[in-house]
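For reference, the structure is listed below as structure tokens.
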Amino acid sequence: MVKPSTLRELVEEHTGLGPADIDHLQRLAGDWQLISDLSFADLLLWVPAENGAYVCVAQVRPTTAPTAYQDDQVGKIAGGAEVAHLEVARTQGRIWREGDPVWYGDTPARHEAVPVRRRGPDGEAGDVIAVVGRDTNLSTARTPSQLELNYLTTADDLAQMIADGTFPPPRVDGETTSAPRVGDGLVRLDATGKVTYASPNAQSAIRRLGFSASLVGEDLAALFNRLSDDPLEGSEVAARILAALRGDAPPRKEVEARTATVLTRALPLMPAGVPIGALVLARDITEVKRRDRALITKDATIREIHHRVKNNLQTVAALLRLQARRVTVPEARAALEESVRRVASIALVHETLSMSADEVVEFDGIVDRVAQAAAEVAASHVRTRREGSFGILPAEIATPLVMVLNELLLNAVEHGFDPGDGDTEGEVVVRVERDKKDLRVVVADNGRGLPEGFNPMSSKRLGLQIIRTLTTGELRGTIELRDREGGGAEAVLFVPLAKRER
């Protein structure tokens, strides 16, 4: 039996917490790297279990200091004196900081315990649902610098907000996880919005925007508003900082100035429910944005190339169509008309690629259009339909596959039914089955079946030669033509979808 390993699985196994409480714990675990880095400490999330024991359901290590635990603590069940500080924090609903250092092997550590509450829809803090253990490795203890003092002070404020139920902030729909981190740059604001501390990395990031003086004492919202190239963007960033000062947790926002881009995230600081300022994290993402713009330009260029290839192929098809109208020999005219359909099927793929940001196509629509075009050239009344879905296919598969299906469909409607069968409704079905590794396609008809003595391997027909060449060469698959049970014929195509070695 596989042991539970995720936060949700561990909580559901050992506690009776409801979905809303579990969601709150998951949001905390998704946002607590910030507090771990500010605290220079490991954070362990403990939930009460049976018989006074506690279970560790999540752990995060600091990136700013050595860990107190070399081994993973998730899933550990502890009890007795080892969890006495957790029990005090949970039952008394307060942050526990008393006690002497404890030793883990050769590593001394300081224990703290922070109760976790969740605020209900009415805004009132509920009961304690878990406890965060904040454990600091003391083996490298030294006289703290100004940076460390500001980090620790901010961490204490955020720890109190965990106990109050106001941290983590609500999740913003659609927001990515690429938030600035403590090491990227940290700015602390007082209740009026003035900067009381800015880390060296924050100072450097904002210097890229064009402000070279010290940030301390500056009104950060007004500064961003003044520096931004776009007045609307600048006012939006300023508004989000002011919202954080009021106690809200606005979405992160980018600031652009002097060809530089800084990603900002503003968080309210309101321990015990009292707004005392805000925390602003800043990351210089100038190079990331430059690469993104280069990729966008490249994608646009590739789409334009596909668009032009499609136009050129349509021009070729039009020229072949004009030539076919001037040819008096029926065999030559039929050959030119077949070439028109082949070129048009390839143009369909490039048309789809010209509208896609990636080198992939939604293949079902292409097959449906090719099947409809094939039915229109039938000498008798034949309808086509598709069963199953091809889904999204890469261009390297889509282009040869549409050629193969075009030939199979044309063969079915042209050679599978007698011209005199106008009163009999013919049907050609494209049946597809797909898994992660393979694509299986069957093109089946209810016509007259294969000719007697027919051998597809020795046939000199151009269409069959195209099918064999593309299937075995480009698609690296297999094709089988055979009579169908109950009448008619069918072609069975296997195409591997696994990554191909060149």
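Across the range 228-242, in residue order, what do the Karplus-derived ³J(HN,Hα) couplings come to in whole Hz, using 6.51 cos²θ - 1.76 cosθ + 1.60 with θ = phi - 60° and x for Gly and Pro?
Once θ is set to phi - 60°, the couplings for the range 228-242 become 4, 5, 9, x, 5, 5, x, 5, 5, 4, 4, 5, 6, 5, 5 Hz.
Between S139 and N311, what is the label-point separation in nm under the 7 Å Cα-to-beta-carbon projection?
6.7
So, R0 is 41 Å and r is the distance between the beta-carbons of Q465 and A294; what FRET efficiency does that work out to, to 0.05?
About 0.45, to the nearest 0.05.
Scan around E427 for amide H atoms under 5 Å from its own, H built in the peptide plane at 1.01 Å from N, and keep only partners 5 or more places away or cross-chain.
R383, N446
Which order do K194, K253 take by accessible area at a 1.4 Å probe, largest first?
Values: K194 80, K253 55 Å².
My answer, sorted largest first, is K194, K253.
May I ask you to work out the translational diffusion coefficient for the range 142-269 at 10 °C, viscosity 1.306 mPa s, via Stokes-Einstein with Rh from the Kirkwood sum over Cα pairs, reported in whole µm²/s? Walk me through the numbers on the way to the answer.
Working: Rh = 15.2 Å.
Translational D for this selection: 104 µm²/s.
Taking the highest mean first, how do the peptides 483-490, 439-446, 368-375 order by number of other beta carbon atoms within 10 angstrom per residue?
Sorting 483-490, 439-446, 368-375 by mean packing, highest first, produces 439-446, 368-375, 483-490.
Taking H as built 1.01 Å from N, whose amide H comes closer than 5 Å to the amide H of G185, not counting residues under 5 places away?
Placed amide hydrogens put A282 under 5 Å from G185.
Leaving out ligands and nucleic acids, and using a 1.4 Å probe, what accessible area per residue does the chain come to in Å²?
With the other protein chains kept in place, the chain gives 50 Å² per residue.
Packing-wise, with mean Cβ within 10 Å as the measure, how do 27-33, 179-185, 50-56 rank, highest first?
Answer by packing, highest mean first, reads 179-185, 27-33, 50-56.
Check L439: other-chain or 5+ apart residues with amide H under 5 Å from its amide H, H built from backbone geometry?
Result for L439 returns V495, L497.
If we sort 196-207, 329-340 on the protection proxy, mean other Cβ atoms within 10 Å, highest first, what's the order? Could the numbers behind the result be given before it?
Values: 196-207: 19.8, 329-340: 14.1.
Top of the packing list down: 196-207, 329-340.
Expressed in nm to one decimal, what extension gain is obtained for the pair E474 and E387 from 0.36 nm per residue of sequence separation less their Cα-Cα distance?
Extra length from E474 to E387 when fully extended: 28.9 nm.
Residue by residue, what Karplus-based ³J(HN,Hα) values in Hz, rounded to whole numbers, does the range 337-342 have, using 6.51, -1.76 and 1.60 with θ = phi - 60° and x for Gly and Pro?
Couplings: 5, 5, 5, 4, 5, 5 Hz.
Quick one: order K289, K437 from most to least accessible surface, probe 1.4 Å.
Output order, biggest surface exposure first: K437, K289.
Once neighbouring chains are kept in place and the probe is 1.4 Å, which whole percent of the accessible area of the chain is contributed by carbon and sulfur?
On the chain, the fraction of accessible area on carbon and sulfur atoms equals 51 percent.
How many lysine pairs does the chain hold where the Cα atoms are under 17 Å apart and the two sit 8 or more places apart or on different chains?
5
Near P275, within a Cβ-to-Cβ distance under 13 Å, what is the net charge of the other residues, with Lys and Arg +1 and Asp and Glu -1?
With Lys, Arg at +1 and Asp, Glu at -1, the neighbours total -3.
Using θ = phi - 60° and the Karplus curve 6.51 cos²θ - 1.76 cosθ + 1.60, what whole-Hz ³J(HN,Hα) does each residue of the range 275-285 get, with Gly and Pro shown as x?
So the J values, rounded to whole Hz, are x, 10, x, 8, 10, 10, 9, 9, 10, 6, 10.
Sum up the charges of everything whose Cβ sits under 11 Å from the Cβ of T315, counting Lys and Arg as +1 and Asp and Glu as -1, but leave T315 out. Spell out each step's value before the answer.
Values: positive: R308, K310, R321; negative: none.
Once positives and negatives cancel, what remains is +3.
Lys and Arg at +1, Asp and Glu at -1: add these up for the other residues within a Cβ distance under 12 Å of L7 and post the number.
Counting the neighbours of L7, the net charge comes to -3.
The values are calculated or read from the model by the stated rules, or taken from the named source; none is laboratory data. As the structure is a computational prediction, the values presented were derived from the model and not from experiment. Because the Cβ atoms are built from the backbone with ideal geometry, glycine has one as well, and the counts that use them run over all protein chains shown. Heavy atoms of the whole protein, side chains included, go into the accessibility calculation; ligands, DNA and RNA do not. Shrake-Rupley method; radii C 1.70, N 1.55, O 1.52, S 1.80 Å.
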